[in-house]
Amino acid sequence: MAQAKERTAEIIALLRERDASTLAAVIQAHARRLYKMSRALGFDDHEAEDLVQDTFTVFLQTLDRFEGRSQVPTWLIGILYRKARERRREHVREQKFDPIDAVFESRFDLTGAWQKPPEDLERLFASKEIRGMISQCLNEVPFQQREVFLLREVEGLKTKEICKILDLSATHFGVLMHRARNRLRECLVAKGIKRN
Amino acid sequence: MLSCRAVSELLSKEEFRDAPLWTRFAVKAHLAMCRRCSRFARQLAQIRSAVRESFSQQEADPELESRIAQKIQHETRN
């Protein structure tokens with residue numbers, strides 16, 4: 001742990017001096033992951049590449065603020081998400097009402113038991129079409145819910161890290177995850193019914 | 001006794017992870033007995049793997065890193 005911290009400090013010092021090979025190594029290590037994240041957020045290949053480039057530019061400009069409290073990847077992801085919001089001009093505010101909440105509630109009776117068993121999606125998940133369906137359903141997930149969902153489910157970040165990056169409370173994180181997951185599930189259920 | 005609704009919400013909100021020990025135990029016990037909720041839990045896990053797989057297969061141009069490095073170096077020189 002201490003060694004990793006020292007190594008990070010060394011990399012940051014070299015980047016402050018704009019050491020070309022260190023910069024190339026950092027780009028080599030993180031650009032592809034950031035690119036895939038941008039694509040997952042719904043940007044096309046050109047926009048995604050621009051976004052990654054912007055992220056590294058801001059990273060270099062803000063090196064003095066990087067005090068080693070977070071790791072380089074988390075710092076980069078934070079910048080990428082802020083830039084992504086700027087590009088999408090997303091005004092991130094809490095959505096008090098989301099129709100998916102009523103859909104979730106409608107699945108249960110007054111005692112809190114399932115009205116009917118959740119649909120069987122086994123065949124759908126085993127099919128070749130699942131990849132396309134996932135991507136279509138993800139497009140229906142509002143931007144902020146998608147951000148949270150991807151950071152958790154694809155990037156595997158911890159709740160604490162996600163809350164820090166997106167400036168969320170743990171409760172709000174839970175609400176967004178719940179809505180994203182249920183929206184995806186309901187979308188796949190609808191596609192599964194259509195397919196059969 | 002937790003209801004199916006409460007269990008499903010705890011699972012999809014992930015509150016279950018940080019919940020007190022007795023809640024975690026109650027969720028596990030419920031899942032062991034309830035086929036409907038265990039199907040719901042399984043679907044959340046399947047969605048996770050399908051999304052991960054879908055993005056792991058995402059192609060990126062092999063020249064991506066070198067192009068970005070060149071642009072950034074050009075920017076920093078100016």
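The values are calculated or read from the model by the stated rules, or taken from the named source; none is laboratory data. Keep in mind that this is a model prediction, so the values were computed, not measured. Using ideal geometry, Cβ is built from the backbone for each residue, glycine included, and neighbour counts are taken over all protein chains shown. In case anyone asks, the SASA skips ligands and DNA or RNA and just uses the protein heavy atoms, side chains included. Shrake-Rupley method; radii C 1.70, N 1.55, O 1.52, S 1.80 Å.
Which condition breaks for B:R77 when tested against (1) at the interface with chain A (Cβ under 7 Å from one of its Cβ atoms); (2) over 19 Å from A:R183 (Cα atoms); (3) of a type in the set (K, R)?
So the condition that B:R77 fails would be (1).
Go through region B:9-78 and tell me which helices (runs of 4 or more DSSP H), entirely inside it, have 1 or more residues that are closer than 30 Å to A:R16 by Cβ and open to solvent by less than 40 Å² (accessible area, probe 1.4 Å).
B:64-77
Go through region A:1-32 residue by residue and tally those that are assigned to a helix (DSSP H, G or I), touching a residue at least 12 places away in the same chain (Cβ under 8 Å) and open to solvent by 90 Å² or more (accessible area, probe 1.4 Å).
Residues in region A:1-32 being assigned to a helix (DSSP H, G or I), touching a residue at least 12 places away in the same chain (Cβ under 8 Å) and open to solvent by 90 Å² or more (accessible area, probe 1.4 Å): 2 in total.
Restrict the check to region B:16-26 and report whether at least one residue is at pLDDT 90 or above and within 20 Å of the chain's Cα centre (by Cα).
The answer is yes; a qualifying residue exists.
Go through region A:97-108 residue by residue and tally those that are part of a loop (DSSP other than H, G, I, E, B), over 12 Å from B:C37 (Cα atoms) and touching a Lys or Arg at 6+ places or on another chain (Cβ under 9 Å).
So the count comes out to 1.
Taking only pairs six or more apart or across chains, which ones have beta-carbon atoms under 8 Å, a first residue in region B:1-17 that is facing another protein chain (nearest Cβ under 8 Å), and a second residue that is outside any helix (DSSP H, G or I) and acidic (D, E)?
none
Does A:R89 fit the bill of being within 18 Å of the chain's Cα centre (by Cα), open to solvent by 20 Å² or more (accessible area, probe 1.4 Å) and more than 9 Å from every other protein chain (Cβ to nearest Cβ)?
yes
Restricting attention to region A:13-57, report how many residues are aromatic (F, W, Y) and facing chain B (nearest Cβ under 9 Å).
Going through region A:13-57 one residue at a time, the tally reaches 2.
If A:D98 meets every condition in (1) in contact with a helix residue (DSSP H, G or I) (Cβ under 8 Å, 6 or more places away or on another chain); (2) open to solvent by 50 Å² or more (accessible area, probe 1.4 Å); (3) charged (D, E, K, R) apart from one, which number is that one?
For A:D98, the failing item is (2).
Among the residues that make up region A:48-61, is at least one of them at pLDDT below 95, farther than 29 Å from B:S3 by Cβ, open to solvent by 70 Å² or more (accessible area, probe 1.4 Å) and out of contact with any Cys (no Cβ under 7 Å at 6 or more places or on another chain)?
Yes: region A:48-61 contains one or more residues that are at pLDDT below 95, farther than 29 Å from B:S3 by Cβ, open to solvent by 70 Å² or more (accessible area, probe 1.4 Å) and out of contact with any Cys (no Cβ under 7 Å at 6 or more places or on another chain).
Cβ-Cβ under 7 Å, sequence separation 6+ or interchain: first residue in region B:28-40 and more than 8 Å from every other protein chain (Cβ to nearest Cβ), partner of a type in the set (S, T, N, Q). Which pairs?
B:L31/B:S38
Residues to consider are A:R89, A:R146, A:R93, A:R85; find the one that is at pLDDT 90 or above and basic (K, R).
A:R146
So which residues in region B:41-55 are at the interface with chain A (Cβ under 8 Å from one of its Cβ atoms) and under 30 Å from A:F56 (Cα atoms)?
Selection gives B:R48, B:A50, B:V51, B:R52, B:E53, B:S54, B:F55.
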